[in-house]
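First comes the structure, then the notes that go with it.
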Amino acid sequence: QNPDERVHLVYVCVAAMVMRIEPAHQQMVKRLSKYAPVVVVLTLCVLSPEQESSWISQVKELLPEAKDVVAVLALDKPIRGYKVPSYGLDSLVARSIELLDSDRQ
């Protein structure tokens, strides 16, 4: 297959605050990982660092075919008078580049 005509990386987005992986997520990651590396993106993540770390570990166990799990808050999020600053996009881009580079070799 022509490398320019195939999928090189797949993002499966999961709302972080739901803190639940559905059977559909498991089936999707398993199926898609046969064709390209899969990164699970935990979106809108405003969990504490401890909760986030624990949730990422659980997601990695539930979706072992995923190459990585990255938590992201793409935009600052106001919550009860506080502002949670955005984070995670740099990590997502860096990990994506690593996976794309290793895929080319």
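Out of all the residues in segment 47-100, which are of a type in the set (Lys, Arg), surrounded by 13 or more Cβ atoms within 10 Å (Cβ to Cβ) and without any contact (Cβ under 8 Å) to a residue 12 or more places away in the chain?
Going residue by residue through segment 47-100, those that are of a type in the set (Lys, Arg) are 60, 67, 77, 80, 83, 95.
Subsequent filtering for residues that are surrounded by 13 or more Cβ atoms within 10 Å (Cβ to Cβ) retains 60, 67, 77, 95.
The answer is 60, and nothing else.
Are any of the residues in segment 6-14 open to solvent by 80 Å² or more (accessible area, probe 1.4 Å) and charged (D, E, K, R)? Can you show your working first?
We begin by selecting, within segment 6-14, every residue open to solvent by 80 Å² or more (accessible area, probe 1.4 Å); these are 7, 11, 13.
Pick out the ones that are also charged (D, E, K, R) and you get none.
No, segment 6-14 has no match at all.
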Subset tally (residues that are among the charged types (D, E, K, R) and touching a helix residue (DSSP H, G or I) at 6+ places or on another chain (Cβ under 9 Å)) for segment 34-58: 1
Pick from segment 27-46, criterion farther than 10 Å from residue 66 by Cβ, over 13 Å from the mean Cα position of the chain (by Cα) and not charged (D, E, K, R), ranking: most open to solvent (accessible area, probe 1.4 Å): 35
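The values are calculated or read from the model by the stated rules, or taken from the named source; none is laboratory data. Please read all numbers here as calculations on a predicted model, not as lab measurements. All Cβ positions, even for glycine, are placed from backbone atoms using ideal geometry, and neighbour counts span all protein chains on display. When the accessible area is computed, the model is the full protein with side chains, heavy atoms only, and any ligands, DNA or RNA have been set aside. Shrake-Rupley method; radii C 1.70, N 1.55, O 1.52, S 1.80 Å.
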